[in-house]
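The values are calculated or read from the model by the stated rules, or taken from the named source; none is laboratory data. As the structure is a computational prediction, the values presented were derived from the model and not from experiment. Counting neighbours? That spans all protein chains shown, and the Cβs are built from the backbone with ideal geometry, glycine included. These area figures cover heavy atoms from the full protein model, side chains too; ligands, DNA and RNA do not enter into them. Shrake-Rupley method; radii C 1.70, N 1.55, O 1.52, S 1.80 Å.
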Amino acid sequence: MNSAMNNSLIKLKQLFFFGSGLVLLSGCWTPSDEVDFAGFPQNGDVFLDGFSGGLEYLPFAGSKLNAFQVDDEVFYQGTASMRFDVPNGDDPDGNYAGAIFPDFGGRDLTGFDAITFWAKGNSATTIDEIGFGNYFGDNEHLVTILGLRLSTSWQKFVIPIPDPTKLSREQGLFWYSTGAKPAGLAGQGYTFWIDELQFEKLGTVAQPRPAIMNGADVEETSFTGSSPSVIGLTQTFNLADGTNQTVSAAPSYFSFSSSNGSVATVNELGVISVLGQGTTTITASLGGVPASGSLILTSTGAFDAAPTPTRSADNVISIFSDAYENNPVDFFNGYWTFSTTQGQDDLNIAGDNVIRYTALNFVGIEFKAPTVDASNMTHFHVDLRTPEGIDPGDFIRVELGDFGPDNAFGGGNDVSGSVTFGSSSLRTDEWISLDIPLSSFGLGSRGNLAQIIFVTDGTVQELLVDNMYFYSE
Amino acid sequence: MKMNRIPLFNMKSIQAAVKVGLSLTLIATLTQCNDTQVVTTLTNVVLDQSFDEGTTPDAGVWTYDIGRGPNGDGWGNNELQYYTDRPENVRIEGGNLIITAQEELFEGAGYTSARLLSKDLFEQQYGRFEARIQLPWGQGIWPAFWMLGADIDENVWPGAGEIDIMEFRGQTPTTIVGSVHGPGYSAGEAISKEFTLTNDRFDTGFHVFGIEWGPDYINYYVDDVLYNQITPEDVTGDWVFDKPFFILINLAIGGDFLGPPNEETVFPQQMLIDYVRVYN
């Protein structure tokens, strides 16, 4: 859930920059301090039988731009519905459908408690992400339901507003993003319809139960100067039919607090500033209701950075280091099946980028565009550090994967090999620098390296990783 | 179920109606047209339990059922709670009687809660019985405000009769049920009617649940809405409601009526009773 959400936010951010050039915003809206904030229309209509006043349609860049149309043959009520044709996974015009429906004039939605609509699919399917609050801006009131299940008959859906008092001037009235099923090139497209899309005051959206960190009490270590985020932000309501509906809610719905301001503070976007050594507990509330879950943050003080690499860049192919120009990397955590590992390259301590894994059992890093030709390299270097005590059975296995001449996973020509470091090689709270001869991985070929995998089987669960590069000497 | 909502007098007109001496038995016929209806006609208070003082309910009016029922089977309904009279399950606080359902292992049960009854302490034939209650919520949560025939020790259920002024399934938070049970029309064959709120629900505020009961009728109301009348013609057996009944208030967990709680059910759950009043 987290990763999907993060990915989508990242995607949206990219799309915004790209998309704002692509899509013309009609009208001209200039923010002004003199605007009368009480004056925004209290109109909850989005699409009943046509676009409500001020409503616009802006597809995401990279999506199939004509995926949406007004359908006057199929509708739940009235004369028309919104029809979405989600493309097949290999559609050259865009392999997913997604758009925002904003009113850049802004609406006062404080009198409503949900956005509701009727929907059906041409087959039973799932809309990946659907909600409101996205206007290709800061999206400070973004709300998303992940994986909304549709059937082939019309059904009413309710997306509750986490805290309506925040929506005094909302521009993002509706948005969705969804792809072929299953995901990937072979995925099948589908069609779904949405009708009677409107904000409503239902009066039955009740029993709010906000959560941060997905409702868990999460312990995390950090360092002065780092800025981790509070994640897993949700709001759950009980609806009239008795179902409990959870939505992902943007940080701005929450009020955050830190129990020890000398260790860390947290801003309105849920971004924590780690200021000193010690432990603090980050909690939150939404609309006056305490959120379940917390982040118990222990700062070990000033960050002890990994040793700065000194080898000449001429003899290095770097995957992850601030000392070199890095090869493009697809991901630092593939969140592969059976992997419990969280975290990726999300630690930045005053300019020093570090990878941090937690709940590590195994994790894959992939760099296939292009793959790395390490035929002329002799060693793989990596700096590792764990805060955990070392037990006799602890180990870290470093595995390299080569995709073979086809430069693609599979194809019968992939090879991999590994080197295992037992407890005698590991240290607590101390960087260990590994310089592993490539010959010891036992690879038949290292001309198309594309993966680095760390395996601990949970014996070491928190691991910092820095300065991964191949070199020759 | 079908439900007729009938526009009714506001309080002022009810009082006016009382002042002109509206007969106790003069209850407008329920129809689907727009006839105005009188919710309540009885205003002479004979029992007023407002739960404003002390920490435990008036022992002169209320006693408790303890445990899992005489046969240990969840009071004949496969209910899952063990009833106690501990303050963890029943207390007065903030002007309300609070019945709290806890998820805890207790005497072999997975939940604890409470059931109050006025048996042998307050019993009455006919009258207006009402309580103002904010209900709990969630799958498997079953609060009720109801009555049993005072001769139940000699005249076993359902022969003694049962008047359910309000039953509620926590998984349908907008709907309550009012019923009578008697010989030939008990349990699944009870004479029942549901009442559903529009744009509101029963667990977010207080609502008044009441009956007005006379020789040949029981009228059911929620707040200012008279939603059902049950008469001898409606029941499929003997009319057993011409004798004294006593009052019960309880919060059951699980049972045949609504199924068990699930992993989404939040505990503890509280039933808040602002008052119980009886008029004649």
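Taking chain A as the reference, fit the longest principal axis to its C-alpha atoms, fit the long axis of helix A:2-22 to the helix C-alpha atoms, and give the angle between the two in degrees, 0 to 90, nearest 10. Relative to chain A, helix A:2-22 is tipped by roughly 70 degrees.
Assuming charge only on the beta carbon of Lys and Arg (+1) and of Asp and Glu (-1), the dipole of region A:327-473 about its Cα centre is about 220 debye to the nearest 20.
Find the sum over both chains of the accessible area lost when B and A are paired, probe 1.4 Å, and report it in Å² to the nearest 100. Working shown, then result.
Working: alone 12080 and 20430 Å², together 31590 Å².
Buried area (both sides, nearest 100 Å²): 900 Å².
Region B:44-279: percent of C-alpha pairs farther apart than 27 Å? Everything past 27 Å amounts to 29 percent.
The residues neighbouring B:A59, those whose beta-carbon lies less than 14 Å from its own, together hold a net charge of -2 under the Lys/Arg +1, Asp/Glu -1 convention.
Between A:I161, B:G170, A:I390, whose Cα lies farthest towards the positive end of the dipole of the protein assembly as shown when Lys and Arg beta carbons carry +1 and Asp and Glu beta carbons carry -1, centred on the Cα centre? The residue sitting farthest along the positive end of the dipole is A:I161.
Scalar couplings 3J(HN,Hα) for region B:100-107, obtained by applying the Karplus form with A = 6.51, B = -1.76, C = 1.60 to θ = phi - 60°, are 10, 9, 10, 8, 7, 7, 8, 6 Hz; x denotes Gly and Pro. Size descriptors for region B:180-280 (Cα atoms only): Rg and Dmax, in that order, 15.9, 46 Å.
Within a Cβ distance under 13 Å of A:N448, other residues only, what is the Lys/Arg minus Asp/Glu net charge? Spelling it out: positives minus negatives among the neighbours equals -3. On the principal axes of its alpha carbon atoms, region A:409-473 extends 40, 31, 19 Å, with the longest extent given first.
Around B:P268, what is the net charge, scoring Lys/Arg as +1 and Asp/Glu as -1 over all other residues with Cβ under 10 Å from its Cβ?
Neighbour charge sum, excluding B:P268 itself: -3.
With all protein chains kept in place, the per residue accessible area of region B:44-279 amounts to 36 square angstrom at a probe of 1.4 angstrom.
The mean count of C-beta atoms from other chains within 10 Å of the C-beta of residues in A:236-242, rounded to a whole number, is 6.
The Cα atoms of region A:78-207 define a convex hull whose projected area, averaged across directions, is 8.9 nm². The portion of the accessible surface of the protein assembly as shown made up by carbon and sulfur, rounded to a whole percent, is 49 (1.4 Å probe; DNA, RNA and ligands excluded).
In order along region A:338-353, the Karplus-derived 3J(HN,Hα) couplings, from 6.51 cos²θ - 1.76 cosθ + 1.60 at θ = phi - 60°, round to 6, 7, 9, 5, 10, x, 7, 8, 10, 9, 10, 10, 6, x, 8, 7 Hz, and Gly and Pro are given as x.
Of all beta bridges DSSP finds with both residues in the protein assembly as shown, what is the antiparallel percent, to the nearest 5?
If we restrict to bridges inside the protein assembly as shown, about 95 percent are antiparallel.
When only the Cβ of Lys, Arg, Asp and Glu is charged (+1, +1, -1, -1), the dipole of the protein assembly as shown relative to its Cα centre reaches about 720 debye.
Ordering B:I66, B:T196, B:G76 by the projection of their Cα atoms onto the charge dipole of region B:44-279, which places +1 on the Cβ of Lys and Arg and -1 on the Cβ of Asp and Glu, puts B:T196 at the extreme positive end.
Highest mean packing first, where packing is the average number of other Cβ atoms within 10 Å per residue, the peptides B:191-200, B:166-175 line up as B:166-175, B:191-200. Around the Cα centre of chain B, unit charges on the Cβ atoms of Lys, Arg, Asp and Glu (plus for the first two, minus for the last two) sum to a dipole of about 780 debye.
Kindly provide the chymotrypsin sites (Phe, Trp or Tyr not before Pro) of region A:162-208 that DSSP labels as loop, not H, G, I, E or B, and whose Cβ sees at most 16 other Cβ atoms within 10 Å.
Working: sites: A:F174, A:W175, A:Y176, A:Y190, A:F192, A:W193, A:F199; in loops: none.
Listed in order of number, the matching sites amount to none.
Backbone geometry of region A:400-408 corresponds, through the Karplus equation with coefficients 6.51, -1.76 and 1.60 at θ = phi - 60°, to 3J(HN,Hα) couplings of 10, x, 10, 7, x, x, 7, 6, 9 Hz, x marking Gly and Pro.
Computed from the C-beta positions of B:K243 and B:E263 and an R0 of 56 Å, the FRET efficiency is 0.80 to the nearest 0.05. Taking the inverse of the mean 1/r over every pair of distinct Cα atoms in the protein assembly as shown gives a Kirkwood hydrodynamic radius of 30.7 Å. Averaged over the residues of peptide A:198-205, the number of Cβ atoms from other protein chains lying within 10 Å of each residue's Cβ is 3. Taking amide H atoms as placed 1.01 Å from N in the peptide plane, the amide H of B:K119 lies under 5 Å from those of B:T63, B:I247, each 5 or more residues away in sequence or on another chain.
Kindly state, to the nearest 0.05, the FRET efficiency for A:T337 paired with B:D120, given R0 = 51 Å and r defined as their beta-carbon distance. For A:T337 and B:D120, the calculated efficiency is 0.20.
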